[in-house]
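Structure first, then comments.
A short reminder: the numbers here are calculations on the coordinates, not readings from a lab. Small disclaimer: the values here were computed from a predicted structure and weren't measured. Please note: Cβ atoms are built from the backbone with ideal geometry, for glycine as well, and neighbour counts cover all protein chains shown.
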Amino acid sequence: MRDRIAAFLVLLPSLVAVGIFVYGFIGQNLYVSLSDWGKNPAQALAEEPTLHFVGLANYQELFTGFVDVRFRQSVVNLIFFTLFFMAGSLGLGLLLAVALDQSPKGEGFFRTVFLFPMALSFVVTGTIWRWLLQPQGGVNVLPTLLGLPPLSFPWLTTREQVLVFDWNQLPFYTALVVGLVLLYVAYRAHREGERKRRFFALLSGGALLLWALTLGRGVHLLPYPEPHGFSLALVGVILAAMWQMSGYTMALYLAGLRGIPVEVLEAAKVDGANPWQTYRYVILPLLAPITLSAMIVLGHIALKIFDLIFAMAGLDYAPTDVPAIYMYLLAFRGNQFAKGATIGILLLLLVAVVVIPYLASQLRKEVRR
Amino acid sequence: MRKWLLVLGVALGLSALAQTGKLEIFSWWAGDEGPALEALIRLYKQKYPGVEVINATVTGGAGVNAKAVLKTRMLGGDPPDTFQVHAGMELIGTWVVANRMEDLTPLFRQEGWLQAFPKGLIDLISHKGGIWSVPVNIHRSNVMWYIPAKLREWGVNPPKTWAEFLATCETLKRKGLQAPLALGENWTQQHLWESVALAMLGADGWNNLWNGKLKFTDPKAVAVWETFGKVLDCANKDAAGLSWQQAVDRVVQGQAAFNIMGDWAAGYMTTTLKLKPGTDFAWAPSPGTQGVFMMLSDSFGLPKGAKNRQNALNWLRLVGSKEGQDTFNPLKGSIAARLDSDPAKYNAYGQAAMRDWKSNRIVGSLVHGAVAPESFMSQFGTVMEIFLQTKSPKAAANAAQAIADQVGLGR
């Protein structure tokens, strides 16, 4: 008992600090996001601003308001950025790790070289890559070294978009994706023989898909079509981010590869597995937990990205906009504090979607042990 | 008698010694613009040697970072003694309406500044019966820059209207000049827009846009976007990646014929590129805006709760004086806001600008904070992005009006 009291007393200061400075401020931010702070310029920066409760009006405005088309594009940008950045870093990191795992000559040297970009800050990376991606320099003149004509792709200044869709289709696509994920969960449950989970996943997934294919098509967020898509200007940003973070995933994978017991690999060899089969059925499954951790780390970096884009394209260039940048613009340039807080809450929710299932599964594992 | 003298002596001594303590000046003047501020601070120290001056600068173009820092300081109850701010609505719409500034009308009366500054300028810095900041310099927004030798080579004249400009642009394109107009990142595009808008709407129409009498959705205002779209067709396609200096470089190197930029471009070309104003490079009011001076001005204000109020007032006195302005502006590359400054201290461009400043109709700039509050200005960048993405004048006009309604423009 005395032990418990001592432990509690030791923990108390940090509990209080975290309670105030993390959860207290999250709470305050939530409150601000439900208010009208900034709507009236006389109140925006007043000494004692009076705030009025407006419910979810700010959220509604961001997703359906006429002026906030830029927010919607920034969300689309963020999703594409996160997907491609994660896929690219994981793929490239795995390739590098597999290559280094063959113990080539100068392995230590290359390992350092690949890992080095991670030591830089995103601002430095962004500045270097902005120079490299200038229309008449860097990457575009690379082919001339091989005697080929230079590229003319205007990396960071293009306004082209691909995979364009209408914002009004958003509920449809969301329901479709979530429905398919749930069906996959049901399939996994079926394989593992968990009947209860299979039933619920099947039911909710099926219902969502049914809604998406019937009523979902009729839902319109806006009274007019509004195209959004993957802006190609993001390709350069993704390249830079991959350059920075793939060394990190390489290090993780390399540790994982080195950690695979030799017996397992030898057993596979005895069973007559060729190298491809060894990778596909033995090594990759053993690396799955590493992939998951790397995805969590990369995912939350991607969702919070701000400095890289700040340094590469500036704040005012909508094709590379992400919600964090739009939040800064609204709150600190436009004095729209409530709307800024709203974006902050939305970002928090997004990161939570990535991190909480991971934390929960980790916690469950620990309890099982 | 002796006692009386002693009292007098002590009083005199006290008043000379009175100016001690500190003065914190908050600005974004560093780098190229640093020397001008330092010269002004030196002058202040000569006059008030007892005061310790803290030069708090936060770097970043046009004060984007400084303004964010200032907001956190003001909200945190730690205002600097005086801070740099664009004269006009940028100050009024953010700080004056929030009741954070002191009215400087008594200072203006005391120093006779109501006559020293032009009326158009006083109108821009006044709000609800008060005058809220002391302008230290004047820059002009609506200027078109070119290289006379190059224009002769191409056989064209600087255009006087936007219609002429578009015709000249076609001529130049036929002669193989891909992008006759050099343009840079988002804010320089907005800068170009305000020149186009001023030409299309006229000075009265421009002012009506900001007091709410003319709606952005009015056909006249929509027509601005149409012309603006045509003008953009004359400009380089990689604009988003260029700073304003790089855009000026294109003109100097002959890759473009014209650039619309504020007259800090003159400072850049004379000081950094070592070109001679009037011969190596030349200027004209941007097409269709002859006789109108679209101004922007840096100014200093007095926040409520300044810790060293008297020192700050002395600073403002110096900033508004003839001596202060003629010390600061030749180094900064701007002209004095006062009408009585000494032309001999300025270069050829400065002298020309001073003549226009005295004779032209004065209107305020949008991009540089004179006519619209920050809440509008910062979101105007989004309007510009909407236009560049959709190329639709109607969509841009609707968005601009939606923001104007939202922030209560002109109220």
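General remarks:
- Calculated [θ] (222 nm, deg cm²/dmol) that DSSP helices of n ≥ 4 give over chain B, each run adding -39,500 (n - 2.57): -15000 deg cm²/dmol
- Percent RCO, i.e. relative contact order, over chain B, from Cα pairs under 8 Å lying at least 6 residues apart: 27 percent
- Tail weight of P(r) past 39 Å, computed on alpha-carbon pairs of the protein assembly as shown, percent: 48 percent
- By the compact-protein rule of thumb, 2.2 N^0.38 Å, the alpha-carbon radius of gyration of region A:170-295 corresponds to a ratio of 1.55.
- Nearest-0.05 FRET efficiency for residue B:62 and residue B:405, computed from C-beta distance (R0 22 Å): 0.25
- Residue-span extension gain [residue B:276 to residue B:391] - 0.36 nm each, minus C-alpha spacing: 37.5 nm
- For the residue pairs B:215/B:358; B:22/B:322; B:67/B:215; B:160/B:274; B:150/B:173; B:237/B:276, the alpha carbons lie more than 19 Å apart in B:215/B:358; B:22/B:322; B:67/B:215; B:160/B:274; B:237/B:276.
- Going by neighbour counts of Cβ atoms within 10 Å, the residues B:154, B:206 line up, fewest first, as B:154, B:206.
- Along its first, second and third principal axes, ordered by size, region A:74-368 spans 64, 59, 38 Å in Cα coordinates.
- Peptide ranges B:181-189, B:62-70, A:120-128 listed from the most packed, as the mean C-beta count within 10 angstrom indicates: B:181-189, B:62-70, A:120-128
- Rough spin-label spacing in nm, given labels placed 7 Å along Cα→Cβ, for residue B:345 and residue B:170: 4.9 nm
- Rough spin-label spacing in nm, given labels placed 7 Å along Cα→Cβ, for residue A:207 and residue A:284: 3.5 nm
- For region B:91-158, size of Cβ-based charge dipole, Lys and Arg +1, Asp and Glu -1, in debye: 200 debye
- Segment residue A:14..residue A:136, full-extension length gain: 38.6 nm, with 0.36 nm per residue of separation and the alpha-carbon distance subtracted.
- Inter-chain Cβ neighbour average for residues B:373-379, partner chain, 10 Å: 6
- Efficiency of FRET between residue A:107 and residue A:145 - r from beta-carbon atoms, R0 25 angstrom, step 0.05: 0.40
- Taking region A:74-368 and dividing mean pair separation by its residue count, relative contact order in percent (alpha carbons under 8 Å, at least six apart): 29 percent
- Take each residue of peptide B:395-406, count the partner chain Cβ atoms within 10 Å of its Cβ, and average: the result is 2.
- Ordering B:304, B:215 from the fewest to the most neighbouring beta carbons within 10 Å gives B:304, B:215.
- With the cut-off at under 20 Å, measuring from each backbone N in region B:171-188 to a point 7 Å along the Cα-to-Cβ line of residue A:152 picks out B:172-183.
- Unit charges on C-beta of K, R, D, E only; dipole of chain B, Debye: 620 debye
- Extension gain, residue A:200 back to residue A:178 (0.36 nm per residue minus Cα-Cα distance, nm): 6.5 nm
- Computed E for residue B:246/residue A:364 - FRET, C-beta separation, R0 60 angstrom, nearest 0.05: 0.60
- Footprinting exposure proxy for A:100, A:202, B:296 (fewest neighbouring C-beta atoms within 10 Å first): A:202, A:100, B:296
- Cα centroid separation, region B:22-80 to region A:70-104 (Å): 44 Å
- Average other protein chain Cβ within 10 Å of Cβ, residues B:230-240: 3
- Label point of residue B:73 set 7 angstrom out along Cα-Cβ; within region B:296-316, amide nitrogens under 13 Å from it belong to B:301-304, B:306-308.
- Model label sites at residue B:361 and residue B:128, defined 7 Å from Cα along the beta-carbon direction, differ in position by 3.0 nm.
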